[in-house]
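Here's the structure, in structure tokens; my notes come after.
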Amino acid sequence: MRRRVEPLLAAILREAQRLARLRDLSALMASWRFFHRWLALVMVGTALCHVVLAVRFDSLDFGKLWR
């Protein structure tokens, strides 16, 4: 009976370890998605500000500033 149970127990332990790693990876990915979402929003906001400022100051002649 021991010969039949030991391989099954080893398989159960391997699956438990895989499940623990999967939980850790899922938690890591959840935190990555959280930070990625906010970073993307900050970058989009920065790009919008850049476009607004570029349109606002498009008529400036920077050559005159250096004379």
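Taken together, the values in this text are just the output of simple stated rules run on the coordinates, not laboratory data. These figures come from a predicted structure and were not determined experimentally. We place every Cβ from the backbone using ideal geometry, glycine too, and count neighbours over all the protein chains shown.
Summary table below
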| quantity | calculated |
| --- | --- |
| Test: residue in segment 1-13 that is assigned to a loop (DSSP other than H, G, I, E, B) and of a type in the set (Asp, Glu) | no |
| Of residues in segment 45-67 being assigned to a helix (DSSP H, G or I) and of a type in the set (A, V, I, L, M), the one surrounded by the fewest Cβ atoms within 10 Å (Cβ to Cβ) | Leu65 |
